[in-house]
Structures are given as structure tokens and as C-alpha cells.
1. Between 249, 124, 26, whose Cα lies farthest towards the positive end of the dipole of the chain when Lys and Arg beta carbons carry +1 and Asp and Glu beta carbons carry -1, centred on the Cα centre?
2. Once R0 is set to 51 Å, what does the formula 1/(1 + (r/R0)^6) return for the Cβ-Cβ distance between residue 14 and residue 336, expressed as a FRET efficiency to the nearest 0.05?
3. Among 343, 358, 316, which residue has its Cα positioned farthest towards the positive end of the charge dipole of the range 188-380, with +1 placed on the Cβ of Lys and Arg, -1 on the Cβ of Asp and Glu, and the dipole taken about the Cα centre?
4. Sketch the reach of a paramagnetic label on residue 67 as a point 7 Å from Cα along Cα-to-Cβ, and name the residues of the range 128-155 whose backbone nitrogen lies under 19 Å away.
5. Work out the charge dipole of the range 188-380 with +1 on the Cβ of Lys and Arg and -1 on the Cβ of Asp and Glu about the Cα centre, then indicate which of 306, 273, 200 is farthest towards its positive end.
6. How big is the dipole moment of the chain about its Cα centre under a simple scheme where the beta carbon of each Lys and Arg is +1, that of each Asp and Glu is -1, and everything else is neutral? Debye, nearest 20, please.
7. Report, in listed order, any pair from 33/110; 143/165; 33/244; 351/452 with a Cα-Cα distance greater than 27 Å.
8. To the nearest 0.05, how large is the calculated FRET efficiency for residue 80 and residue 249 if R₀ is 56 Å and r is the Cβ-Cβ distance?
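What follows is calculated from the coordinates using simple rules that are stated; it is not laboratory data. These numbers were taken from a predicted model, which means no experiment stands behind them. All Cβ positions, even for glycine, are placed from backbone atoms using ideal geometry, and neighbour counts span all protein chains on display.
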Amino acid sequence: MKIDWKNEINQRKDALLLDLTELLKIESVRDEKIGSKDAPFGPGPREALDKFLEIGRRDGFETLDLDGVVGHLEYGTGNETLGILAHVDVMPAGNGWETNPFEPMIKDGKLFARGASDDKGPAMAAYYGLKLIKELNLPISKKVRMIIGTDEESGWRCMTHYFEKMPLPDFGFSPDAFFPLINGEKGNVSFNVDFQGGNGSNAKLLDFYAGLRENMVPRDAIAHVSGVAFEDTKKLLAKFLSDKPIEATILEKDGKVEIAVIGKAAHAQEPKNGENAGTYLALFLKQLNLGSGAKQFIEFASNYLHEDSRMDNFSLHYSDEIMGDLTMNAGIFSFDASKGGRITLNFRFPKGIGTKEIEAALIKVAETLNAQINATGKTQEPHYVSPEDPLVKTLLDVYQRQTGNEGYGMVVGGGTYGRLMERGVAFGAMFPGTPDTMHQANEYIPVSDLLKAAAIYAEAIYELIK
């Protein structure tokens with residue numbers, strides 16, 4: 001039976017876009033401050049999970065909701081289970097949007113919204129691929145579980161909870177990255193660098209804030225200082241900005257000088273794609289005559305973190321032939337003169353190096369600035385699936401057949417749910433040549449790419465379970 005996968009998906013284009021639009025309207029950003037027993041990560045992630053499961057039930061899939069944090073859609077029977085792992089939580093929208101991030105808009109063939117490319121759009125494309133197989137009543141020999149998480153952008157507690165109660169799929173993929181295919185993912189760990197508060201007798205740093213999440217390059221940074229002349233500081237800032245790829249404003253209010261910097265956000269897996277507003281602001285403030293804890297906080301950020309995503313300033317540049325470079329992202333900055341400061345660093349590390357080496361390099365520098373190093377959250381170890389695995393070969397064959405382009409595996413710094421399965425990979429939905437807007441303002445996915453991805457997913461799922 002020959003199936004025109006692309007044509008079948010195109011016939012369902014309007015329905016796919018309608019379902020996706022409804023999902024994108026939900027502001028599913030984690031907010032545990034307003035969480036509840038029924039919605040531990042906040043009402044937004046819970047509402048998005050409910051919507052996805054509702055769509056699945058409408059289309060006749062068996063569904064399961066595990067305590068409002070994770071759920072699945074199930075189809076078929078068999079001794080083996082294919083897992084498709086996606087998520088409906090999203091990063092905070094942040095500033096810089098030209099449209100409302102939670103009012104989806106199609107402009108010039110691109111669907112703009114937070115979550116359009118990470119990961120609601122790809123998740124819905126994969127769902128429609130599975131739905132197509134069900135609607136065509138194609139013969140299959142394996143079970144499929146599409147597992148939907150709500151805490152991917154934070155601690156993956158949704159999947160931890162799921163797999164405490166449910167078995168791991170035998171093999172599978174996560175539609176949460178790039179085509180052709182990702183068969184290797186670096187390890188992931190974060191550390192806090194904690195500083196004392198206080199200032200010297202001259203210029204004083206009252207506070208400093210930058211960043212939303214550790215896995216984002218900060219777009220915005222703001223600081224308030226006192227004990228400086230406004231006009232002199234304004235001139236100093238203008239000179240500083242003359243050769244920098246950032247914007248900044250300065251104003252005087254209530255006897256304090258406020259300085260705000262706008263850089264460029266990016267995903268932490270490749271910090272070089274962004275312009276870190278936090279380190280730029282620190283580099284500027286370094287010119288002021290700060291003292292005590294404020295000086296140490298600023299010196300660490302400016303001397304060791306600015307434009308150093310490879311830990312060169314910590315004498316720990318490391319690269320693996322297969323998995324690539326160790327990377328570092330300075331994601332969150334906070335300083336209060338009366339309480340102290342903290343910088344949260346996120347690391348993506350290849351095989352051959354581990355958390356002990358990273359922590360030792362941080363401690364060596366931190367001790368010189370009277371700072372403390374503390375690990376935060378869980379460590380994810382590097383993950384790799386052989387290119388010879390039938391899963392990898394099947395997915396790449398489908399990609400190559402549908403696109404006419406070479407299929408190949410990649411290793412990335414980003415972490416996807418694919419790594420939760422021993423035979424798990426990340427597969428799409430971003431195509432080569434499409435700009436990566438994940439975690440950035442004006443996130444989008446080209447509608448044509450969304451449909452192409454859905455067709456690829458449909459054929460790929462069928463090839464894996466027939």
C-alpha cells in the first residue's frame with residue numbers, strides 16, 4: 001500500500017493548525033507559587049496537558065493523566081512499545097516580542113507564538129502523524145505511547161514521576177530538537193556561585209538582576225548604583241556602547257542611577273548564539289570604584305564569564321571528538337547589597353569529563369573572590385545511541401526519502417526526553433537552514449516546516465511499528 005504522506009497531512013492542515021493554536025494560547029509557564037495539589041507546576045502547564053489529552057480523547061485514543069503533571073496517549077498493541085516523548089510547558093516569554101506571545105499569529109508563512117518551535121508545534125506535528133496512522137487504520141504490530149510532560153524546561157520532574165509508575169518504552173524519539181536526527185546529547189549540570197554582600201566607601205552597587213532561567217542566555221539586565229555622578233556615568237556608558245553589540249539605557253531616579261542592558265537571548269546549549277546582557281552589564285560596572293562583595297560579584301562576572309562559553313578563563317577548555325565542546329552559560333544573576341549575590345551557571349559536557357572537574361575549576365576561581373560553589377538540581381550524564389541502531393537507520397531513511405537530503409546523526413548540547421530511553425533519540429522538528437528561535441523573543445515555526453515534519457513523523461512512526 002503506497003501512501004502519500006505529505007498529501008494526507010496537507011488534507012488535515014486546517015485541523016492541525018486549529019488544535020495547535022488552541023494549545024499555543026495557553027500560557028503554560030511553570031509557576032509553582034500559584035501551584036496546587038492538582039496543578040503542582042502551576043495552572044498553565046496543567047491546562048496545556050489537559051488540552052492535549054482532551055484532543056487525544058476526541059480522536060479516540062486511550063489517555064492517562066498522572067496527577068496533573070504528565071500524561072500519555074496510547075494506540076495499538078504488541079510486545080514492544082514505541083515512545084514519543086514531548087512537552088507542553090514553555091519558557092517565560094520575556095521582552096522583545098513584536099506580537100503577543102500567547103496570541104498565535106501567522107505572518108509571512110510563519111506561526112509566531114511562545115512554544116511554536118519548542119515544543120508545542122513539534123508535539124502537535126508528531127501527534128498528527130500518529131493520528132494519521134490511526135485514521136488510515138494501517139496494520140501495526142507494536143504499541144505506541146505519546147507521553148506529554150509539563151516540566152521539561154526545568155527539572156523533568158514530570159518524567160521522573162511518570163517512570164516511577166510506568167515502564168520505559170523499548171525505544172523511541174522526542175520531537176523536540178532538529179532534523180535530520182540527534183543521537184548524542186551532552187551531559188547537563190548547573191552550579192550556583194554565591195557571593196557576600198556589601199560595598200566599599202565610594203560607588204555602591206545596590207542591586208543587579210539578569211536572566212530568567214539557567215538554560216537561557218539573558219536578554220535583559222538591570223542594576224542600580226549610588227555614589228556616582230550621573231552625567232559622568234552617562235558619558236562612560238556611551239563610550240562603552242560604541243563598539244558593543246548591545247543596547248542600554250541610563251536614568252537617574254530617587255538619587256540612584258539605573259542602568260539597563262538589552263542583549264540577545266539564546267538557548268544555553270550554544271551560548272555563542274546570544275549576547276549575555278548580564279556579563280555586559282558587569283563589564284561596564286567594573287569601571288566603577290566598587291568594593292567588598294559587590295566588587296567580587298562584578299569581577300567574577302566580567303573577568304571570568306564574559307564571552308567565555310568554553311571555560312577558557314577557568315583553564316578547563318575540553319572537547320570530545322564525537323560529542324564536541326564543554327560549554328558554560330551564565331543564566332541567572334542576582335545581587336542585593338544587604339543579602340549578597342548569586343550567579344547560576346549551566347554546563348553541557350561531553351563524555352570524557354564530569355561534574356567533579358567542572359566543580360573543581362569553579363572552586364579554584366571562586367576562592368580567590370571569597371565565593372562559594374554549590375551544585376543545584378540533578379546531573380544528566382551524556383547520552384549516545386549508535387548510528388548503526390535500527391531506530392537511527394529507520395528515522396534517517398524516512399527523513400532522506402521525504403526531503404531528498406542527506407540523513408545524518410548529530411550531537412548537541414541541548415537535552416531532550418529522548419535521553420530517558422536507552423534507545424532514544426531526538427528527531428526534528430526544526431529543519432536545516434531554519435533559524436533557531438527557541439527560547440527567544442518572536443519564536444516561530446514555518447507552517448510549511450510544520451506540515452513537512454508531520455508527514456515525516458507519520459511515515460517514521462509507521463515504519464517503526466508496522
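1. Checked the options; the winner is 249.
2. So the FRET efficiency works out to roughly 0.50.
3. The residue sitting most towards the positive pole is 343.
4. So the set is 147-155.
5. Farthest towards the positive end: 200.
6. 160
7. 33/110; 33/244; 351/452
8. So, using R0 = 56 Å, E works out to roughly 0.45.
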